[in-house]
Amino acid sequence: MSIDNPILPVDCTDGFSLNLKDARATGEALMDQYAFAEPFPHAVLDNFLPKDMAEALLAHFPTEAQEHDKLYEKGYGGTHKRQILPYDCDAYVRAAFAFFNSAPMLQFLEGITRIQGLLPDPYFAGGGFHETKNKGLLGIHADFRVNESLQTLRRVNVIIYLNKDWQDSYGGHLELWDKEMKHKVSSVLPIFNRCVIFNTDEDSFHGHPDPLTAPEGISRKSIALYYYTATEIRNDSGQSRHTLYVARPSDSYLVKAQAKKLAKKRDRRAKKLMGSSDEGSTLFSRLKAILFK
C-alpha cells in the first residue's frame with residue numbers, strides 16, 4: 001500500500017468525508033484476512049489514515065492535562081497511562097473523532113468484521129486518546145463487554161497508533177494471546193499510522209504487559225475506539241416497528257382518510273411481520289449463535 005493511498009481513503013479537503021459504498025467495499029476487501037486471523041479475528045493495517053490526517057492528529061495530541069483526563073496507576077491493570085476525552089480537545093480533534101463515529105466508519109467496520117448493526121459510543125467510554133509514559137504498561141486482559149450507560153454489547157476494538165520513529169527496543173508491543181493464555185500468537189509494534197482492529201470477545205486477550213523502555217520524553221500514543229451492537233428488541237405485536245400516523249380533529253376529510261389508510265397499512269405490515277416471526281426467530285437464533293459466542 002503506497003503512502004499516498006491509505007487503507008481508509010478519507011477526503012480531508014473540507015472536514016472529513018468518505019463515500020459509504022467505498023467505505024463498505026474497502027472493509028469487505030479485507031474481510032477474509034480479518035476472519036481467519038489467529039488467535040481471534042483481527043487485522044493489522046499499516047498506512048491506515050491519509051498521511052496528513054495522521055500527522056495532524058499527532059500534532060493536535062494534547063500535551064497539557066485536560067479537564068476530564070483519567071490517569072491510571074494500577075500496576076498490572078495499567079501504569080503511567082493517561083486517557084484523554086476527545087471533547088476536551090480542539091476543533092480538529094473533535095471533528096476527527098466525529099468521523100470515527102460516523103456512518104462511513106461503521107460501514108468500513110461492518111465490511112471487514114461481518115458484524116452488522118454496529119453502533120459508535122458518543123461518550124467514548126474508555127476510549128479517546130491514550131498515552132503511556134516510560135515504564136508504563138497494560139496487563140493482558142479481555143475488555144469489558146457491556147456499555148452500561150448505553151446498554152449495548154461491545155463488539156469491536158480499533159486502535160490507531162501515533163508513534164513516530166518508534167523503535168523495537170522501546171517495547172510497547174501489543175500482544176495477542178490464545179484463549180487458554182498458553183501462547184502469545186502475535187506481537188504488534190505500535191508504529192505510526194498502524195491500525196489494529198479486533199473482535200471484542202470474552203477471551204480476546206491482549207495488552208502490552210512489559211514496561212516501556214523508551215527514552216525519557218517519548219511516550220506511547222494511540223487512538224482507542226470501541227463499537228457496539230444493540231440487544232434484541234422484543235415486540236409481540238410488531239406494530240411499534242412501523243410509524244403510526246393520526247389525523248387532528250380539525251383536519252379535512254381527505255387528510256383523515258389518508259391517515260386512516262396509513263394506519264391500515266401499518267396494521268397489515270405488522271401482521272405480515274408477526275406472521276413470519278417463527279422463521280425470523282429461528283434466523284435470529286442462528287445469527288446470534290455465530291456473532292454472540
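Pairs meeting the criteria (first residue in the stretch 255-277 and of a type in the set (Ser, Thr, Tyr), second residue modelled with pLDDT under 85, beta carbons under 8 Å, at least 6 apart or on different chains) are Ser277/Gly238.
Residue under question is Ile115, and the condition is that it be under 12 Å from the mean Cα position of the chain (by Cα) and within 21 Å of Asp210 (Cα to Cα); does it hold? Considered against the rule, which asks whether it is under 12 Å from the mean Cα position of the chain (by Cα) and within 21 Å of Asp210 (Cα to Cα), Ile115 comes out as no. When we screen Phe129, Phe108, Phe97, Phe124 for residues that are buried (at least 20 other Cβ atoms within 10 Å of the Cβ) and in contact with a Gly (Cβ under 6 Å, 6 or more places away or on another chain), the only hit is Phe108.
Checking Leu58, Leu109, Leu153 one by one, the residue that is part of a strand (DSSP E or B) and among the aliphatic types (A, V, I, L, M) is Leu153 and no other.
Residue count for the stretch 163-219 under the criterion of being touching a helix residue (DSSP H, G or I) at 6+ places or on another chain (Cβ under 8 Å) and in a strand (DSSP E or B): the result is 2.
The values are calculated or read from the model by the stated rules, or taken from the named source; none is laboratory data. Only a predicted model underlies this, so the values are computations on that prediction, with no experimental measurement involved. Here Cβ is always computed from backbone atoms with ideal geometry, including for glycine, and neighbour counts include all displayed protein chains.
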